[in-house]
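Read the structure below first, then the notes.
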Amino acid sequence: MEKPTGVPLDLLDPILKNVINVSEVSRTEKLSEILDSYANKQNNDIYTIQNTDNKQARGIVVDLDYFLELIYFKRLVEESAAVSVDPAALDSFKKTATAKVDEAADKLEPTHDDLADIMKIAEIEL
């Protein structure tokens, strides 16, 4: 089996397609709209929530049923004796994928209210 030499763009497309600034989620009904889109049917849409001030502060919102399906496939691959993953290739894949998400996040427009919104969210969760 050949080692992957780069990140296939078709794997990143779903992640890069819907990159959303955290302030957009906190100031609008966007999160509610996303969750409603998952109601009563499996939806494969993936949303990347990104803090424009801290590129390491990001996460994915995904339909729970779809996520469970992905975990199941991951477990099947891990349990397969015929498949081995080169740690260096996996690390390279992660770095390239992270760089692509960073590029998409750079296109987001931060606003002066982002820090205030983040502080409000933190206070609510404490």
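Any read-out appearing in this document is the output of simple, stated calculations on the displayed coordinates, not a laboratory observation. Everything numeric here is computed off the predicted structure, so don't read it as measured data. For neighbour counting, all protein chains shown are included, and Cβ atoms are generated from backbone atoms with ideal geometry for every residue, glycine included.
Summing +1 for each Lys or Arg and -1 for each Asp or Glu among the other residues whose beta-carbon sits under 12 angstrom from that of residue 102 gives +3. Residue-wise HN-Hα couplings along the stretch 20-29, as the Karplus relation 6.51 cos²θ - 1.76 cosθ + 1.60 with θ = phi - 60° gives them from phi, are 10, 6, 4, 5, 5, 5, 7, 9, 10, 8 Hz; Gly and Pro carry x.
What is the sum of charges around residue 61, taking Lys and Arg as +1, Asp and Glu as -1, for the other residues whose C-beta is under 15 Å from the C-beta of residue 61? Around residue 61, the surrounding residues sum to -4. Compared with the direct C-alpha span, the chain from residue 42 to residue 72 gains 9.3 nm at full extension, assuming 0.36 nm per residue. In this structure, the amide hydrogen of residue 38, modeled 1.01 Å from its nitrogen in the peptide plane, lies closer than 5 angstrom to no residue at least 5 positions away or on a different chain.
Extension gain for the segment residue 16 to residue 89, taken as residue separation times 0.36 nm less the Cα-Cα distance, is 24.2 nm to one decimal.
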